[in-house]
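Report on the following structure.
The values are calculated or read from the model by the stated rules, or taken from the named source; none is laboratory data. Note that the structure is predicted; figures quoted are calculated from it, not measured. Note that each Cβ is placed from the backbone with ideal geometry, even for glycine, and that neighbours are counted across all protein chains shown. Heads up: the accessible areas ignore ligands, DNA and RNA and are worked out on the full protein's heavy atoms, side chains in. Shrake-Rupley method; radii C 1.70, N 1.55, O 1.52, S 1.80 Å.
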Amino acid sequence: MDFKFPDVGEGIHEGTIVKWHVKEGDTVAHDDVLCEVETDKAIVEIPSPQAGVIGKLYHKEGEVVQVGEILATYGEGVGSASDVKKESGAGAVGSIQDADDLGENKGPLFDNLQRASGPVISMNTEMKVLPAIRKLAQEHGVDLATVIGTGDNGRITKEDIEKAAGKEAVGEVTYEELTPMRKAISAHLEKTKAKVVPVSQMHFIDVTNLAARRKLENDVLAAENIKLSYLPFIIQAVCKAVKAYPRFNAAWDEQKNALALKQYVNMAIAVDTEDGLIVPVIKNAQNLNLKELAQAITHIAEMARDRSAKPDDLKGSSITITNYGSLGSVFATPIINYPDTCIVGVGAFQKVVQMQDGQPVERLQLPLTVTFDHRYNDGADCARFINVMAAELEG
């Protein structure tokens, strides 16, 4: 029987013989690998379609073979299953009438080739990876994308994998299981990534006058043992901005297939705790004054840190504020708290020197980042949204 180079699928018309695994006169079993052929997509192992004796090989290693050209001829001595098993340790004998039967992607040989070719296709089409090498890499935990092949035509060899594994095995590795909270955070962020199209805009807002105003307010509230941070002022500014641009205070309603513009501001505040980020919610923040906002912020922060927050305290947000500036960061790209459409990030305040009337003057600036869902708002909308906040804070 003449065994012709079959169509291995995916529009392949030719391949290069990389290596023969048999020689003329060898006895082979059904599914024994005859040779490795490199196509423009991968290196595939070509299995024997039947048991028998190799009479003639028609191409040398390195030669190009077209689909339909003869690879090998099976000569006399096509034995029974017991004969092949005795000589090669193989199992049951397969049979095929002719390799042309594969023209319609049918028959056992095509199935074998599909199994053989599946694992060798790499994300990098330049990478030459045999199934056995890929399996070895998986066993050693080696990322094939980081391995430089030293074999023929850049093929990755067993030695390449072992060398890479040796490099990666240097040093002790410990493992940490995720806490239930960390798992919940992870799941929520994965859902956000799948559902949101985020874009971030960053601005500096001059809060020099706000600093003076804050000092006056704290002087008044000192008798009540209440101290205002900048956060209550920022919350008020956000409330004013979402009133002007309500799509930043919204959520997509999948049942109604419409954007729900919320007429209230349930302000979620990201709180850093030892167990991870917890985001409790100040309900109807638009109705609270500075003193009430300061008290609410203190209350939800305590609930988050001592883990006394109830499920209802963590639900129903319409927009979120995260204050990474308290830890020294200036700018970030915060992740939207799905299903919200916006999150406001507050950075560490910066003292800068500016020229006014020809004189250097020290000013205080607030780095602000707004991440929004681009499906519902454009960059120009976000700039206008921030401008409303800036007007409120710059006073």
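Summary table
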| quantity | calculated |
| --- | --- |
| Among the candidates 157, 146, 150, residue that is among the β-branched types (Val, Ile, Thr) and exposed (fewer than 11 other Cβ atoms within 10 Å of the Cβ) | 146 |
| Lone unmet requirement of (1) open to solvent by 20 Å² or more (accessible area, probe 1.4 Å); (2) touching a Ser or Thr at 6+ places or on another chain (Cβ under 8 Å); (3) charged (D, E, K, R) for residue 384 | (2) |
| Residue 365 modelled with pLDDT under 95 and farther than 14 Å from residue 245 by Cβ | no |
| All strands (runs of 3 or more DSSP E) inside segment 257-311 with 2 or more residues being among the hydroxyl-bearing types (Ser, Thr, Tyr) and under 30 Å from residue 176 (Cα atoms) | none |
| Residue tally, condition crowded, with 22+ Cβ neighbours inside 10 Å and either closer than 14 Å to residue 376 by Cβ or at pLDDT below 95 (or both), over segment 337-351 | 5 |
| Hits in segment 307-336 - residues which are more than 13 Å from residue 269 (Cβ to Cβ) and surrounded by 14 or more Cβ atoms within 10 Å (Cβ to Cβ) | 325, 329, 330, 331, 332, 335, 336 |
| Residues located in segment 17-49, provided they are at pLDDT 85 or above and among the hydroxyl-bearing types (Ser, Thr, Tyr) | 27, 48 |
| Candidate set: segment 160-181, residues that are part of a helix (DSSP H, G or I) and open to solvent by 100 Å² or more (accessible area, probe 1.4 Å); chosen: the one nearest to residue 272 (Cα to Cα) | 180 |
| Residue list for segment 175-226, filter: free of Cβ contacts under 8 Å to residues at least 60 places away in the same chain and over 23 Å from the mean Cα position of the chain (by Cα) | 212, 214, 215, 216, 218, 219, 220, 222, 223, 225 |
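Results for (1) in contact with a helix residue (DSSP H, G or I) (Cβ under 7 Å, 6 or more places away or on another chain); (2) open to solvent by less than 70 Å² (accessible area, probe 1.4 Å); (3) free of Cβ contacts under 8 Å to residues at least 24 places away in the same chain; (4) aromatic (Phe, Trp, Tyr), shown as yes or no for each residue.
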{"position": "232", "(1), (2), (3), (4)": "yes, yes, no, no"}
{"position": "243", "(1), (2), (3), (4)": "no, no, no, no"}
{"position": "249", "(1), (2), (3), (4)": "yes, yes, no, no"}
{"position": "253", "(1), (2), (3), (4)": "no, yes, yes, no"}
{"position": "258", "(1), (2), (3), (4)": "no, yes, yes, no"}
{"position": "265", "(1), (2), (3), (4)": "yes, yes, no, no"}
{"position": "268", "(1), (2), (3), (4)": "no, yes, no, no"}
{"position": "278", "(1), (2), (3), (4)": "yes, yes, no, no"}
{"position": "283", "(1), (2), (3), (4)": "no, no, no, no"}
